[in-house]
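Structure record follows, encoded as structure tokens.
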Amino acid sequence: MRIFAVIAATVALVAGTAAGPTAQAGTPKDHVSGVYVVTAEDGSALVERDGKVGLGAPAEATRWRLDRSGDGYLVRTEDRARGWVLEGVEPFSPVLVKALSPRPPRNEQWQGHLVRHTRDGAVVTITSAWNGWTVVPGGDYDPHLVVVPETFAPVTYTATRVGK
């Protein structure tokens, strides 16, 4: 099931009992859009650092806004000024934080895949809508998120809704 984004997820990235847009009183409702704090499996938070999505202390967590775009989601800063961008198609290309295009192309869109619901969000895996590659932590000395073509052990992220 595709839900994200991000960034919860990611992206991220799901609220309450939603598994994506659902019909309610004849109109679609997107339960995923909103503001989230996203944490990795080890409890570190996804933070914007030096133009990349990095791992940091939960107290430093960036609040990520998820908004539907095409078949995926945009994962943006809470003020919508910048968002997640994948510039390279090589394995271990970093997930960058930059100004997004007015009409975001696929390399600025992300997908979340539901693992399970939580009380305030969901546990998801995150992939790039551009090439379907999985988003994983990478880098030993400056941990940040990168994409890889495949992984034998899926990396999960917990997205917790903190705002609309």
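The values are calculated or read from the model by the stated rules, or taken from the named source; none is laboratory data. Everything quoted here is computed from the prediction, not taken from an experiment. Virtual Cβ from ideal backbone geometry, glycine too; neighbours counted across all protein chains shown.
Please go through region 91-105 and pick out each residue that is more than 22 Å from E150 (Cα to Cα) and part of a strand (DSSP E or B). Answer for region 91-105, where residues must be more than 22 Å from E150 (Cα to Cα) and part of a strand (DSSP E or B): V97, K98.
Of all positions in region 149-156, none carries a residue that is out of contact with any His (no Cβ under 9 Å at 6 or more places or on another chain), assigned to a strand (DSSP E or B) and either at pLDDT below 95 or under 23 Å from S69 (Cβ atoms) (or both).
When region 98-113 is filtered for residues that are more than 12 Å from the chain's Cα centre (by Cα) and not basic (K, R), the ones remaining, listed by number, are A99, L100, S101, P102, P104, P105, N107.
Yes or no: V135 closer than 14 Å to A40 by Cα, in a strand (DSSP E or B) and at pLDDT 95 or above? Answer is yes for this residue.
Residue pairs whose Cβ atoms lie under 8 Å apart, separated by 6 or more positions or on different chains, with the first residue in region 135-164 and polar (S, T, N, Q) and the second not in a strand (DSSP E or B), are T156/E41; T158/A8; T158/T118; T160/A8; T160/T118; T160/D120. Inspect all residues belonging to region 114-129 and state whether any of them is within 13 Å of the chain's Cα centre (by Cα), surrounded by 14 or more Cβ atoms within 10 Å (Cβ to Cβ) and not in a strand (DSSP E or B). For region 114-129, residues within 13 Å of the chain's Cα centre (by Cα), surrounded by 14 or more Cβ atoms within 10 Å (Cβ to Cβ) and not in a strand (DSSP E or B): present. Of all residues in region 69-91, those being charged (D, E, K, R) and on the phi > 0 side of the Ramachandran plot number 1.
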